[in-house]
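A short write-up of the structure that comes next.
The values are calculated or read from the model by the stated rules, or taken from the named source; none is laboratory data. Owing to the predicted nature of the structure, the values given are computational and were not obtained by experimental measurement. Using ideal geometry, Cβ is built from the backbone for each residue, glycine included, and neighbour counts are taken over all protein chains shown. The accessibility values were calculated without ligands, DNA or RNA, using every heavy atom of the protein model including side chains. Shrake-Rupley method; radii C 1.70, N 1.55, O 1.52, S 1.80 Å.
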Amino acid sequence: MGMESKYIWSDGKLVEYEKATVHMLTAALHYGAAVFEGIRAYKTDKGPAVFRLQEHSERLLKSAEIFGFRDLPYTADDVSKAIKETVKANGFDECYIRPLLYLTAGAWNLNVDAGKPALMIAVWEWANYLGEEALAKGIRANISSFTRHHPNVMMTKAKIAGNYVNSILAKTESVRLGFEEAIMLDPQGYIAECTGENLFVVRRGKIFTPSTAPVLEGITRHSVYTIAKDLGYSVSEMPIARDQLYNADEVFVCGTAAEVIGLSEIDFRKIGDGRSGKVTREIQNVYHDAIRGKIAKYEGWCDYVS
Ligand code: PPE
């Protein structure tokens, strides 16, 4: 995966890609003491547009607040402005955007207040997060042997860097077993989310998803929820057991990086007819048009860079 770009934004300055480095004694590296966002910019008729930029900038600052950062020198508007500047400077039509607010300069003794926060924003081209064939064929997943976070152990509403070690454990295990993604259960044993996506189930024409209590409140989850309701589907939150996935007509996952992807198989059991289902494809198609500014009622989700 090529992650190169011309510039990385670092605390107010655009720094050349090769020069954007941190010291080995940066606390974020030792303890995962950072919060981040995953955002995408897409090509539209009016040039590149960042999808749901305001919501992502706000979630970054909420994550920081949940983590315990105080008196940050940035507002959500500052973050949005810096993101647009970074996308523009790098000249990509479409890219993934990664802001990271990390603890630097001190921050030892395991105390947030002992460190100084720094913000960086990188962009790179990152198509096909779950593989090239995922869109049409769907992907194979398994229920992970690793449990997703207990909501009083790690803060699941915040994209805290350290939270993702749990995702890395699960994803690595699933990929080594030959699957493309891991489905994680919450500490009560119900379906929570995947390593980097929220999950939806379709049964008898109705759509279900786990409540947000133990998982990340995905922005794509919200877009999908809105699109599905606008298409006339009933969408509801409920606890979902593992065998309700086996029984489902369709299961799909969604996230900024992955977008909307159907699951063809779970734990060696075929889901529906074993490829991306009808409802999944319908929502996927609307989502693809929405992110590229092709649907008037969702154009407010697109933030044009120029
Ligand atoms: N759950 C988790 C655990 C998660 O990391 C993501 C995003 C989601 C749900 C969906 O959230 P949203 O992007 O707001 O719809 N995962 C990000 C990081 C992926 C990575 O590999 O890094 C992403 O999709 O950008």
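Under 19 Å Cα to Cα from residue 206, which lysines show up? Leave out anything in the same chain fewer than 8 places away. Counting by Cα, and skipping residues close in sequence, residue 206 has these lysines nearby: 229, 278.
Compute log10 of I(q)/I(0) for the chain with the Debye formula, placing one identical point scatterer on every Cα and leaving out solvent, at q = 0.07, 0.16 Å⁻¹, to two decimals. After summing over all Cα pairs, the log10 values are -0.27, -1.39. Inverting the pair-averaged 1/r between distinct Cα atoms of region 1-140 gives 16.1 Å as its Kirkwood hydrodynamic radius. Each part reduced to its alpha carbon centroid, region 265-293 and region 92-112 end up 33 Å apart.
Surface composition of the chain: carbon and sulfur make up 51 percent of the accessible area, probe 1.4 Å. Over all directions, the projected convex hull of the C-alpha atoms in region 132-290 averages 8.5 nm² in area.
Available extension along the chain between residue 20 and residue 289 is 93.4 nm, counting 0.36 nm per residue and deducting the alpha carbon span. Annotation for residue 133 and residue 89: the two label points, set 7 Å from Cα along the Cα-Cβ direction, are 4.1 nm apart. Helices in the chain, meaning DSSP H runs of at least 4 residues, each add -39500 (n - 2.57). Divided by all residues, the mean residue ellipticity at 222 nm is -8000 deg cm²/dmol. Taking all protein chains into account, the per residue accessible area for the chain stands at 47 Å² (1.4 Å probe). Note on region 12-72: Cα convex hull, mean projected area over all directions, 6.1 nm². Each part reduced to its alpha carbon centroid, region 58-85 and region 223-241 end up 29 Å apart. Peptides 29-41, 8-20 ranked from most to least packed by the mean count of surrounding Cβ atoms within 10 Å: 29-41, 8-20. Peptide packing: for 121-131, 170-180, the average count of neighbouring Cβ atoms within 10 Å per residue gives the ranking 121-131, 170-180, highest mean first. Per-residue extension of 0.36 nm, minus the Cα-Cα distance of residue 153 and residue 45, leaves a gain of 34.4 nm for this segment.
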